[in-house]
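Taking it in order: structure first as structure tokens, then the write-up.
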Amino acid sequence: MSVPARNVTEIARLKHQLESGISVMGFHLHTAQAEKLLQFVFLIEKWNRVHNLTATRDMEKMISHHILDSLAILPYVAGKRILDVGSGAGLPGIPLAITRPDIEFTLIDSNSKKSAFQQQARADLQLTNVQSICARVEAWHADPYDTIVSRAYSEIATFIASSSHLLADQGIFAAMKGTSPQDEIEALPAPFRVRQSHRLEVPGLHAERHLILIEKS
């Protein structure tokens with residue numbers, strides 16, 4: 001599925017929004033990385049017409065609500081092997097993989113259409129550091145991961161229960177949330193505890209965003 005041609009004005013507007021947002025968050029990306037992020041947005045928009053990957057249809061919102069939101073956790077991504085659970089349209093895994101080619105990312109989702117999109121994005125964007133798996137995470141096994149991340153996948157206790165067998169001994173869970181999920185934090189199963197909680201500021205996204213980092217006690 002190819003990305004349709006775009007008019008120059010639209011591309012310039014979206015590129016400016018993306019680069020401005022990245023600058024506000026204090027990041028620096030190479031031109032090629034910014035171009036791949038923009039190409040990824042166009043791919044989502046194209047596939048959304050048929051496969052309903054995300055509820056967001058407006059491309060400006062895709063940049064703020066998906067790309068910049070994903071990149072907001074970039075300072076907290078640790079280790080060489082990262083697992084993105086319930087990745088859906090490849091979020092946050094693909095934007096992170098574009099910006100961190102030195103890290104191996106595995107994206108897992110049980111939805112075959114979303115997994116097919118991830119594989120297409122991997123090929124089109126030439127992301128050699130990305131692997132896409134179509135499976136239920138609780139039934140899948142692999143070498144352990146340094147960080148396991150989820151973005152609106154489930155409640156934290158369910159997230160941990162379904163994927164803790166894939167976490168390295170010193171690894172961390174990174175749960176991306178809206179408002180601070182105090183009830184979910186209080187329901188953490190033993191032996192897990194919150195290492196850190198960060199409020200994230202995402203340009204253009206006028207809503208609370210938090211990242212909860214969880215470790216074994």
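Cross-link pairs exceeding 25 Å in C-alpha to C-alpha distance, out of Lys61/Lys216; Lys114/Lys216; Lys46/Lys113; Lys15/Lys80; Lys15/Lys113, comprise Lys61/Lys216; Lys114/Lys216; Lys15/Lys80; Lys15/Lys113.
Can you tell me, using C-alpha contacts under 8 Å and at least 6 residues apart, the relative contact order of the chain as a whole percent? Relative contact order here is 17 percent. Need one number: % antiparallel among DSSP beta bridges in the chain, to the nearest 5. Bridges in the chain are about 40 percent antiparallel.
Here's the picture: charge each Lys and Arg Cβ at +1 and each Asp and Glu Cβ at -1 in the chain, and of Phe117, Met25, Leu200 the one pushed furthest to the positive end of that dipole is Phe117. The amide H of Val149, built 1.01 Å from its N in the peptide plane, has Leu83, Asp84, Val85, Ala174 as neighbours under 5 Å, considering only residues 5 or more places off or on other chains. Scanning residues 5 or more positions from Ile133 or on other chains, those with amide H under 5 Å from its amide H are Leu107, Ile108, Asp109, with H placed 1.01 Å from N in the peptide plane.
Of (i) 17.5; (ii) 17.9; (iii) 18.5, which one was derived for Kirkwood radius over Cα pairs in Å from the structure shown? So the structure-derived entry is (i). Ordering of 34-42, 67-75, 206-214 by packing is 67-75, 34-42, 206-214, highest average first (other Cβ atoms within 10 Å, averaged per residue). Each Cα pair under 8 Å and six or more residues apart adds its separation to the average, and for segment 25-146 the resulting relative contact order is 23 percent. Placing +1 on the Cβ of every Lys and Arg and -1 on the Cβ of every Asp and Glu, with nothing else charged, gives the chain a dipole about its Cα centre of roughly 420 debye.
Other residues whose C-beta falls under 14 angstrom from the C-beta of Asp146 contribute a net charge of -1, scoring Lys and Arg +1 and Asp and Glu -1. Listed peptides 152-163, 49-60 appear in the order 152-163, 49-60 once ranked by packing, highest mean of other Cβ atoms within 10 Å at the front.
Taking a ≥ b ≥ c as the square roots of the eigenvalues of the alpha carbon gyration tensor, segment 6-92 is oblate, as a/c is not under 1.5 and a/b does not beat b/c.
Here, each number is a calculation from the coordinates, and none is a lab measurement. For clarity, every value in this text was computed on a predicted model and none was experimentally measured. Backbone-built Cβ (ideal geometry, glycine too); neighbour counts: all protein chains shown.
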